[in-house]
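So the structure is just underneath, and the comments pick up after that.
Bear in mind that the values in this text are calculations on the coordinates, not laboratory data. Since the model is a prediction, treat every value here as computed from it, not as a measurement. Quick reminder, even Gly has a Cβ in these numbers, built from the backbone with ideal geometry, and neighbours come from all protein chains shown.
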Amino acid sequence: MNLCIGCGEAYTSRPSWSIFFWPERISLLCRDCEESFHRLKEPGCPSCMKQTGSSICSDCLEWEKSSYQGVLEKNVSLYSYEPFMQDYIARWKYRGDYILGKVFEAEFRKLYYQHFQDSKYEVVSIPISAERMVERGFNQAGELAAFTRAKRKDVLGRKKAWRKAIQAQTIAQADCRKSFSFAIRAA
Ligand SMILES: [Zn+2]
Ligand SMILES: [Zn+2]
């Protein structure tokens, strides 16, 4: 009997073929919580993976008309950002439940190597401020970067004066992308 890290309920782990073929995959969730993670299907929009067929979606067309034109080469997403996931991410990110991120590790790494095995890419995580680090105890973007096990370059820093602008940008991006994802910038 285990305790689900998603809902705290006791559950019995069950054998599955995915664990047999992929021993690294650790199931930390009960069946109900696991089934609430909705994996996005490929291809979707080739630019952002929005589940609207396989042509460029209206969000991306709008994005390319903005001042961000040509900035984003490709965005690859793992799960749909539905209410269950929004709550889960909030608990992980803002309430410091570090262990919640572990359920993403194996799938995140697999997705990364499916799309970014090409050596022209490097993993750069978005840093958080020193005060956020004290509040949360970890940087979730750094955790995701670590999940890839790829070589990382920590070349970004935070400037206080930029925070509001970055927050506004993040909200706009989140609204546009609606996903839990990788984003890469064109060189
Ligand atoms: Zn659960
Ligand atoms: Zn799109």
Filtered hits (aspartates and glutamates, Cα-Cα < 20 Å from K93, offset >= 8 within chain) -> E34, E82, E105, E107, E131, E135, E143, D154, D175
With N residues in region 42-92, Rg(alpha-carbon) / (2.2 N^0.38 Å) equals 1.31
Note to self: C-alpha centroids of region 97-155 and region 32-71 sit apart, in Å, by 20 Å
A correct Karplus calculation of ³J(HN,Hα) over region 130-142, with 6.51 cos²θ - 1.76 cosθ + 1.60, θ = phi - 60°, whole Hz and x for Gly and Pro, returns 4, 5, 5, 4, 5, 4, 8, x, 6, 10, 5, 5, x
Under the 7 Å Cα-to-Cβ spin-label approximation, E107 and C7 lie apart by a distance in nanometres of 1.7 nm
Residue separation between S67 and H38 times 0.36 nm, minus their alpha-carbon distance, gives in nm 7.3 nm
A correct Stokes-Einstein calculation for region 92-154, using the alpha-carbon Kirkwood radius, 25 °C and 0.890 mPa s, returns a whole-number D in µm² s⁻¹ of 197 µm²/s
Expressed in nanometres to one decimal, the distance between label points 7 Å along Cα→Cβ at I99 and A141 is 2.7 nm
Whole-Hz Karplus couplings 3J(HN,Hα) for region 5-11, θ = phi - 60° and coefficients 6.51, -1.76, 1.60, Gly and Pro as x, run 7, x, 10, x, 7, 6, 8
The ³J(HN,Hα) series, computed from each phi in region 56-72 with the Karplus coefficients 6.51, -1.76 and 1.60 at θ = phi - 60°, rounded to the nearest Hz and given as x for glycine or proline, is 4, 7, 5, 4, 5, 5, 5, 4, 6, 8, 8, 5, 8, 3, x, 7, 9
